[in-house]
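Below is one structure, written out as structure tokens, with a few remarks after it.
The values are calculated or read from the model by the stated rules, or taken from the named source; none is laboratory data. Remember, predicted model here, so these are calculated numbers, not experimental data. Note that we place each Cβ from the backbone using ideal geometry, even for glycine, and neighbour counts take in every protein chain shown. Heads up: the accessible areas ignore ligands, DNA and RNA and are worked out on the full protein's heavy atoms, side chains in. Shrake-Rupley method; radii C 1.70, N 1.55, O 1.52, S 1.80 Å.
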Amino acid sequence: MNDADVSKQIQQMVRFIRQEAEEKANEISVSAEEEFNIEKLQLVEAEKKKIRQEYERKDKQVQVRKKIEYSMQLNASRIKVLQAQDDLVNSMKEAGSKELLNVSQNQGSYKNLLKDLIVQSLLRLKEPSVLLRCRKEDEGFVGSVLDSAKKEYAEKATVHPPEIIVDSVYLPPAPSDATAHGLFCSGGVVLASRDGKIVFENTLDARLDVVFRKKLPEIRKLLFGQVAA
């Protein structure tokens, strides 16, 4: 084989090797690009997942805050409604208290009322001797009905007329601007056993409190309708 043939064969071998190298390089490039694209896709999906999770976390936080705010606003509204209802009910009681002041203005009917209150108190106490306390301005009225009250009680209870001692300590006076924030009494009496262990408060204010507490559910129902439990 001469030099020309050798050179030609070497060139063919070089071209073959080069072609194989180029094909291998191309294959490596394609494979590398595929791996790169796969890895890139995985990274993108991972980031998307992180973003979705972060969004879901923040969305849950927002929803929780909304629920808390709604609950707080709802509770605040309920408190305002209840406060408004209480204010209305209390204003009714205040109006009733003011009406009590008119009871003692009619002396005839007030004297009879005092007698009835004394008899009722005696029936509750059932004591042979009691201490009676009234307002200073009612002392004359009380003195004028004591005998008839004792007689009526004795007949109803079938006992001897009791001893009633009018206390020298008086109940507070009727409410006025001067006693707006102090003790006051709109009328009526307080009776107690001589040892002070049994006390029956039968003032007009005490009776208003009892009636008001007893009728409060009915009053609320009339004013505000049936309230769900």
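Extents of region 60-122, taken as max minus min of Cα coordinates on every principal axis and listed largest first, are 74, 25, 7 Å. Computed 3J(HN,Hα) for region 34-47, one whole-Hz value per residue from the Karplus formula 6.51 cos²θ - 1.76 cosθ + 1.60 where θ = phi - 60°, is 5, 4, 4, 5, 5, 5, 4, 4, 4, 5, 4, 5, 4, 5, glycine and proline marked x. Residues whose amide H comes within less than 5 Å of that of Val166, counting only those at least five positions distant or on another chain, are Leu132 (H built at 1.01 Å from N in the peptide plane). Histogrammed with a bin width of 10 Å, the alpha carbon distances of region 183-229 distribute as 23, 32, 25, 15, 5 percent, first bin at zero. Only lysine pairs 8 or more places apart, or on different chains, with alpha-carbon atoms under 26 angstrom apart are counted in region 94-195, and they number 19. Backbone amide hydrogens, once placed in the peptide plane, bring Ile198 within less than 5 Å of Ser193, excluding anything fewer than 5 places away on its chain. By accessible area, using a 1.4 Å probe on protein heavy atoms only, region 117-229 has 57% of its surface on carbon and sulfur.
Which percentage, to the nearest 5, of the DSSP beta bridges contained in the chain is antiparallel? Before the final figure, lay out each step's value.
Working: 9 of 14 bridges.
DSSP beta bridges in the chain are roughly 65 percent antiparallel.
Within the chain, the longest segment free of exposed loop sites, counting trypsin sites (Lys or Arg not before Pro) that fall outside DSSP classes H, G, I, E and B and have at most 13 other Cβ atoms within 10 Å, spans 1-125.
Name the lysines eligible as straight-distance cross-link partners of Lys58: C-alpha to C-alpha under 25 Å, and not fewer than 8 places from it in the same chain. Of all the lysines, those that pass the test against Lys58 - Cα under 25 Å, at least 8 places apart if same chain - are Lys48, Lys49, Lys50, Lys66, Lys67.
The phi-based Karplus calculation (6.51 cos²θ - 1.76 cosθ + 1.60; θ = phi - 60°) puts the 3J(HN,Hα) values of region 132-145 at 10, 10, 9, 6, 4, 6, 9, 4, x, 4, 4, x, 6, 10 Hz, whole numbers, x for Gly and Pro. Quotient of the Cα radius of gyration of the chain and 2.2 N^0.38 Å, N being its number of residues: 2.83.
Tell me the per residue accessible area of region 112-222 using a 1.4 Å probe; a whole number in Å² is fine.
Working: 6530 Å² over 111 residues.
Ligands and nucleic acids excluded, the result is 59 Å² per residue.
Between Ala174 and Cys185, the built amide H atoms are under 5 Å apart, and every one of these is 5 or more places off in sequence or on another chain.
Counting pairwise Cα distances across region 28-105, what percent come out greater than 16 angstrom? Roughly 76 percent, rounded to a whole number. One decimal place: the segment Arg124-Arg18 gains 25.6 nm when fully extended, by the rule 0.36 nm per residue minus the C-alpha distance. Taking Leu132, Leu41, Leu88 as the candidate residues, the one with maximal mean-square fluctuation in a Gaussian network model of the chain, Cα springs under 10 Å, is Leu41. Phi-derived couplings, Karplus 6.51 cos²θ - 1.76 cosθ + 1.60 at θ = phi - 60°, listed residue by residue for region 60-67: 4, 4, 4, 5, 5, 4, 4, 5 Hz, with x used for Gly and Pro. Its DSSP H runs of at least 4 residues, each contributing -39,500 (n - 2.57), put the calculated 222 nm mean residue ellipticity of the chain at -26000 deg cm²/dmol, to the nearest 500.
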